[in-house]
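Bear in mind that the values in this text are calculations on the coordinates, not laboratory data. Remember, it's a predicted structure, so these values are computed and weren't measured experimentally. Note that we place each Cβ from the backbone using ideal geometry, even for glycine, and neighbour counts take in every protein chain shown.
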Amino acid sequence: MSAFSIRARGWSIDSTASPVDRTLGIGDTGNAMKAFFPHAATTLGITVRVSVNFLPEQSRPDEGRWFWAYHIRIENERDETVQLIARSWSIVDGRGAVQLVEGEGVIGEQPVLLPGDAFDYVSGTSLGTAAGHMDGHYSMVDEAGDDFEIAIPRFPLIASMAKS
């Protein structure tokens, strides 16, 4: 049995993994990808891209609660299949208080990414201050069953209360 069938919990062929459009890194389309995902890190052939949005409609500054949604895109640029096994986040508020969050997979999945695939998900976080940042890493496994970690780039959490 492969490492993927042993470690995958609930993964199916209908996951949200999709082929990576490699043309997005060329010319003006590369700028479009950076505009959608301004924060990115590549580790061992896996790129993690992040976009973050402040959610003023869910935030309660008068109660000391600010909320953000973040969109993560994980791209497998390797020549082999990999699987995301676990996550580890460091969430830091504006006072420097650190919250560590660790767990299996992401959003209840441990996605398998074939060469050229990408996996997207959206999640959220809250802080007791109007600013902070997040970063971390994903624990992965390759076809040989070897574990490795990939970086999640640091991205800011900044409240924007401007009304239009």
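Brief remarks on what is shown
- Restricting 83, 99, 110 to residues that are within 19 Å of residue 151 (Cα to Cα), in contact with a Pro (Cβ under 8 Å, 6 or more places away or on another chain) and among the polar types (S, T, N, Q) narrows the list to 83.
- For segment 135-151, the criterion of a residue being among the polar types (S, T, N, Q), within 24 Å of residue 35 (Cα to Cα), in a strand (DSSP E or B) and touching a residue at least 12 places away in the same chain (Cβ under 8 Å) is satisfied by no position.
- Test: residue 119 is within 20 Å of residue 134 (Cα to Cα) and in contact with a Pro (Cβ under 8 Å, 6 or more places away or on another chain): yes
- Candidates 125, 129 - the one that is touching a residue at least 12 places away in the same chain (Cβ under 8 Å) and outside any strand (DSSP E or B): 129
- Each residue in segment 50-66 was checked for being in a strand (DSSP E or B) and in contact (Cβ under 8 Å) with a residue 60 or more places away in the chain, and 5 of them qualify.
- Residue within segment 140-152 that is at positive phi and surrounded by fewer than 17 Cβ atoms within 10 Å (Cβ to Cβ) present: yes
- Here residue 108 meets each of (1) surrounded by fewer than 17 Cβ atoms within 10 Å (Cβ to Cβ); (2) in contact with a strand residue (DSSP E or B) (Cβ under 7 Å, 6 or more places away or on another chain) with one exception, condition (2).
- Answer residue from segment 88-105, given it is loosely packed, with under 12 Cβ neighbours inside 10 Å and hydrophobic (A, V, I, L, M, F, W, C) and is nearest to the chain's Cα centre (by Cα) among those: 100
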